[in-house]
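Structure, as structure tokens:
The values are calculated or read from the model by the stated rules, or taken from the named source; none is laboratory data. Since we're looking at a predicted model, the values are computed, not measured. All Cβ positions, glycine included, derive from the backbone under ideal geometry; neighbour counts span all protein chains shown.
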Amino acid sequence: MEPKDTKLIFVTGGVVSSLGKGLTTASIGALLEGYGIKIGMLKIDPYLNIDPGTMNPCQHGEVYVLEDGSETDLDFGHYERFTQAQLRYGNSCTSGKIYETILRKERNGDYLGQTVQIIPHVTDEIKRRIFVAAQGVDILITEIGGVVGDIEGMPYLEALRQIAYERGYRNVLFIHLALLPFLKAAQELKSKPVQQSVAKLREIGIQPNILICRTEVPLEKGIRDKISLFCNIEKNAVLEERDVTTSIYEVPTALHKSQLDTLIFNHFNLSYARKPLTLWENVMERIKHPMHKVTIGIIGKYTEIQDAYKSVIEALRHGGIEHFCQTEIKMIDSEQLESDNACTPLKDLDGILVPGGFGSRGIDGKISAIRYARENKIPFLGICLGMQLALVEFARNVLDHADANSTEMNAKSSYPVICMLEQQKQVVSKGATMRLGAQKCEIMPNSRVYEAYKQSNISERHRHRYEFNECYRPDFEAKGMHFVGYNAQSKCVEAIELPDHPWFVGVQFHPEFKSKPYQAHPLFAHFIKAAINNKH
Ligand code: GLN
């Protein structure tokens, strides 16, 4: 079972969370891929949920959907945007999944009378999952969620210690990413919290090989020497990672400059000539020298945390990168659009995007924004709930059905343009039961959507329960709505557009999950192009 030749990198976090560990882990992946190395990514989340699918995006950021329909943490978005790693269900390991497996085995009697314990049963299951993820790749990079010292994380660290012991020093590398706080009053970087978090790792038997210090100010020699001595880490392996100022896509190049790649190769006894990261340098060139600028409004309801719309925001930026355009993003709380001066926040926008969402809060504001985009010919992209509401808006204001709605918002609507298919109505449990993951879709020729994709057969990721109610289609078509994407198998509408508008597109799927900085998703690229044209 154990893929003997795969080298293993474990990334832990210290002092505080929200240090950008996911981003750094993804950037390490990008850095190694630059050398032609086949990498795998695994994320360990010590919480007891099976997956984040049922979590509120305000607390945990967006739910990121993989090709196979797995609902994962937003860090998977970083992994896919930065690397080519194949990610599926097994690349996400949560305590929920570990305990689910163990409890099922216990009920089956698979433990043959033993007492089931954290050590060895939980740790063995953790190791098994790490080795499965390591199959078929040269280097597996595993990020351990949370902060060293969290009670939930202890069994994972014990499992990692065992792996390091069993596999040998040269096959396993520990990178610890910790906050090195700068105290303004003392005008000094303080190393004690870093020392203590490394001490916590050593307590369990893990000696980090590389320490990445997240700092606001440069790491001077004195403090580097001190950290090196007290943390038992070679001086050249104590790296600084300053906050990037221009774009997160600078991180792979910054890590390359700090010689992280050389340190990794030396540790594993691998030899590669140093190479520039052309792909990422090109991306940065485009970001640093824009020729255009557009402002796009995202009309959402989880506006208090930007991470709730992470992939949409990044995909908009990618669309900009493609056209040498700086994309400024304005988060607009849809409830704000429900008052009297409703449309004021929309006035200066070059494009309007209504993203996915659930439940009825803020719906009327989103509908007002869609109406504004439709009537004022502002480029519009509606994603999932955004497409559904574009159809509700059209039904209300063009087809004159004031009561039109989705049955998610009003089960008694007399014109329920969006509703649940029979199969979904049978579903009772909430976890992983939506229409999820990659599904095929056929695009009609001579449409804006076709112009973007330049092909008729596409596949995109889904995450929803409700669909357009086909019986109303003739009413919509009679008034100029075009249904341009269709899933022949499920018979569901996948894409709509208005031909008499500069660019008004709605899609039932989530294109944002497949966009990369060096290869913008075609719909986002065309949306931004329409926004640039709209300015001129
Ligand atoms: N709430 C809608 C549905 O379940 C849309 C979901 C979404 O936008 N992801 O169909």
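Of the residues that sit in the range 333-367 and are buried (at least 23 other Cβ atoms within 10 Å of the Cβ) and assigned to a strand (DSSP E or B), which one is farthest from the ligand (Cβ to nearest atom)? So, considering only residues that are buried (at least 23 other Cβ atoms within 10 Å of the Cβ) and assigned to a strand (DSSP E or B), the one farthest from the ligand (Cβ to nearest atom) is GLY351. Of all residues in the range 129-149, those satisfying the criterion of being in a helix (DSSP H, G or I) and in contact with an Asp or Glu (Cβ under 9 Å, 6 or more places away or on another chain) are PHE131, ALA134.
If you filter the range 446-465 down to residues that are at pLDDT 95 or above and surrounded by fewer than 18 Cβ atoms within 10 Å (Cβ to Cβ), you find that the one that is nearest to the ligand (Cβ to nearest atom) is SER459. Number of residues in the range 451-497 that are in contact with a Gly (Cβ under 9 Å, 6 or more places away or on another chain) and of a type outside the set (D, E, K, R) equals 6. Looking across the range 162-197, the residues that are over 30 Å from ARG129 (Cα atoms) and assigned to a loop (DSSP other than H, G, I, E, B) come down to LEU180, PRO181, LYS184, ALA185, ALA186, GLN187, LYS190, SER191. Considering GLU497, GLU512, the condition of being touching a Pro at 6+ places or on another chain (Cβ under 9 Å) and in contact (Cβ under 8 Å) with a residue 40 or more places away in the chain is satisfied by GLU512 alone.
Taking the criterion of being within 16 Å of the ligand (Cβ to nearest atom) and among the polar types (S, T, N, Q), would at least one residue in the range 501-509 satisfy it? So far as the range 501-509 goes, yes, one or more of its residues are within 16 Å of the ligand (Cβ to nearest atom) and among the polar types (S, T, N, Q).
Here THR94, THR115 are screened, and the one residue that is among the polar types (S, T, N, Q) and under 22 Å from GLY69 (Cβ atoms) is THR94.
Candidates in the range 406-442 are the residues that are more than 24 Å from LYS514 (Cβ to Cβ), surrounded by fewer than 18 Cβ atoms within 10 Å (Cβ to Cβ) and of a type in the set (Val, Ile, Thr); of these, the one that is farthest from the ligand (Cβ to nearest atom) is VAL428.
The residues listed here are ALA395, ALA404; of these, the one that is touching a helix residue (DSSP H, G or I) at 6+ places or on another chain (Cβ under 6 Å) and at pLDDT 95 or above is ALA404.
The single condition among (1) in contact with a Phe, Trp or Tyr (Cβ under 9 Å, 6 or more places away or on another chain); (2) closer than 23 Å to LEU260 by Cα; (3) part of a helix (DSSP H, G or I) that GLU152 does not meet is (2).
Filtered by the rule that a residue be at negative phi and outside any strand (DSSP E or B), the range 483-502 gives ALA488, GLN489, SER490, LEU498, PRO499, ASP500, HIS501, PRO502. Taking the listed residues GLU100, GLU62, GLU80, the one that is out of contact with any strand residue (DSSP E or B) (no Cβ under 8 Å at 6 or more places or on another chain), modelled with pLDDT of 95 or more, of a type outside the set (Lys, Arg) and within 28 Å of LYS430 (Cβ to Cβ) is GLU100, with no other qualifying. Restricting ILE141, ILE151, ILE175, ILE163 to those that are β-branched (Val, Ile, Thr) and surrounded by fewer than 17 Cβ atoms within 10 Å (Cβ to Cβ) reduces the list to ILE151. When the range 1-44 is limited to residues that are more than 19 Å from LEU255 (Cα to Cα) and at pLDDT below 95, the one that is surrounded by the most Cβ atoms within 10 Å (Cβ to Cβ) turns out to be VAL15.
Here's the yes/no breakdown for (1) of a type in the set (Val, Ile, Thr); (2) touching a Ser or Thr at 6+ places or on another chain (Cβ under 9 Å); (3) within 24 Å of GLY53 (Cα to Cα):
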position: SER95; (1), (2), (3): no, no, yes
position: ILE98; (1), (2), (3): yes, no, yes
position: ILE102; (1), (2), (3): yes, no, yes
position: PRO120; (1), (2), (3): no, no, no
position: ASP138; (1), (2), (3): no, yes, no
position: GLY145; (1), (2), (3): no, yes, yes
position: GLU152; (1), (2), (3): no, yes, yes
position: GLU158; (1), (2), (3): no, yes, no
position: TYR165; (1), (2), (3): no, no, no
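Filtered by the rule that a residue be over 27 Å from PHE476 (Cβ atoms) and part of a strand (DSSP E or B), the range 418-437 gives a lone residue, GLY437.
If we scan the range 236-246, do we find a residue that is under 24 Å from ALA530 (Cβ atoms), under 27 Å from the mean Cα position of the chain (by Cα) and surrounded by 21 or more Cβ atoms within 10 Å (Cβ to Cβ)? The answer is no; no qualifying residue exists. In the range 368-405, of all residues being β-branched (Val, Ile, Thr) and away from the ligand (no atom under 16 Å from the Cβ), the one that is surrounded by the most Cβ atoms within 10 Å (Cβ to Cβ) corresponds to ILE378.
The rows are residues; the columns are (1) among the hydrophobic types (A, V, I, L, M, F, W, C); (2) in contact with a Lys or Arg (Cβ under 8 Å, 6 or more places away or on another chain); (3) surrounded by 15 or more Cβ atoms within 10 Å (Cβ to Cβ).
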{"residue": "LYS105", "(1), (2), (3)": "no, no, no"}
{"residue": "THR115", "(1), (2), (3)": "no, no, no"}
{"residue": "ILE118", "(1), (2), (3)": "yes, no, no"}
{"residue": "ALA133", "(1), (2), (3)": "yes, no, yes"}
{"residue": "LEU157", "(1), (2), (3)": "yes, no, yes"}
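The set of residues in the range 466-482 being touching a strand residue (DSSP E or B) at 6+ places or on another chain (Cβ under 8 Å) and either crowded, with 16+ Cβ neighbours inside 10 Å or assigned to a strand (DSSP E or B) (or both) consists of TYR466, GLU467, PHE468, ASN469, TYR472, PHE476, MET481, HIS482.
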